[in-house]
1. Note the per residue figure in Å³ for the convex hull of the C-alpha positions in the chain.
2. What percent do you get for the relative contact order of the chain when only Cα pairs under 8 Å and 6+ apart count?
3. Collect residues whose amide H, placed 1.01 Å from N in the peptide plane, falls under 5 Å from the amide H of V261; neighbours closer than 5 in sequence don't count.
4. Which residue, chosen from L245, S25, L112, occupies the Cα position most advanced towards the positive end of the dipole of the chain, where the dipole is computed from +1 (Lys, Arg) and -1 (Asp, Glu) charges on Cβ about the Cα centre?
5. Go through L49, L97, V175 and say which Cα lies farthest out towards the positive end of the charge dipole of the chain; charges sit on Cβ, +1 for Lys and Arg, -1 for Asp and Glu.
6. Starting at the first residue of region 104-116, write each ³J(HN,Hα) from the Karplus equation 6.51 cos²θ - 1.76 cosθ + 1.60 with θ = phi - 60°, in whole Hz, x for Gly and Pro.
7. Quote the charge dipole size of region 93-155 about the Cα centre in Debye, to the nearest 20; the model charges only the Cβ of Lys and Arg (+1) and of Asp and Glu (-1).
8. Which value, in debye to the nearest 20, gives the size of the charge dipole of the chain about its Cα centre, when Lys and Arg are +1 and Asp and Glu are -1 at the Cβ?
Amino acid sequence: MEQLDTLTLDQIRLFLCVADEGSFSAAARHLHRAQSAVSYGVANLEKVLGVQLFDRSTHRPTLTPAGQSLLSDARQVFDSVRKLRTQAASVADGLELEVSIAVDAICPADLLVQLGHTFLKRYPKVSLRIQTEVLEAVSALVLDGSCQIGLSGPIGVQSRGLERRFLAYIPMVPVASSSHGLADIPCPIARQQVLGQVQIVISQRGSSASSGDHGVISEKIWRVADAATKLTLIRAGLGWGNLPLGLVSDDLEKGTLVKLVLEEQGPEPLLVPLSLITRSDAPPGPAGQWLLKELAAISKLCPHVAGEAS
């Protein structure tokens, strides 16, 4: 056991290189080392491990059964140490181990998908945590330090400690199931015809009423905590509500949902601002800063957002 303490990463490198190149001389040329140094290093590794790794009785050394058995383990050890060094260098340079984002439920899924692809290519070693919330909960998570970045709708915590930058407008459309009573009413639909219908709205978890009442028209209100539940209930014909165009575009095309034209809102989608939020006293690290720029770039290409209100 004490002998293993003298095992070095360089010895493992020499073993792998000889196995890959097929000879001690070829490994020496590849590593720009003297052949004697390569032979000596491999011999020391064999001594430390207590096994012969190469059969040297032939013109070209060949792996022994023991060498063949240990080759994959040696490669895994070498790769793991190399990854550890790379990660340590990144941490020393200030690169985060994880970037956390709080995302409002109205944020288009295709924007997050594109972001995930580009982030994985740019920072394969950095973890990405995405937490979906609604209304004030998004900015609250950034303010208390739980998340480094927020993608927030128009309703959020107002604080001097937060920096808010406009990102894009999210088109919101009022929809109902094709089987719902509102679907049969000629457009535009008057306010009086909507008042008695159940409107499904998103409210913050633990909130009683008002914080989720943005855009409410109906007198009958059902509150849910996320967009997916809201969409499911609307699909089932249990009420109507405003949802992101990107979330309902497939349903509108299939005819399972219909777009409602309300008299007081007009035929055009409601444009709801989506903003980037960070803490002024704790800006994101290199990966987070890159992510902020990438979000701004991707949002301009995303089919279900708009850069400026027309």
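A short reminder: the numbers here are calculations on the coordinates, not readings from a lab. None of these values were measured; they are calculated from a predicted model. Note that each Cβ is placed from the backbone with ideal geometry, even for glycine, and that neighbours are counted across all protein chains shown.
1. 212
2. Normalised by residue count, the contact order of the chain is 21 percent.
3. Close amide H contacts, sequence-distant or interchain: I189.
4. Of the listed residues, the answer is S25.
5. L49
6. Ordered by residue, 3J(HN,Hα) equals 5, 4, 7, 5, x, 5, 5, 5, 5, 5, 5, 4, x Hz.
7. 300
8. Details: 28 positive and 31 negative charges, 146 e Å.
Around 700 debye, computed over the chain.
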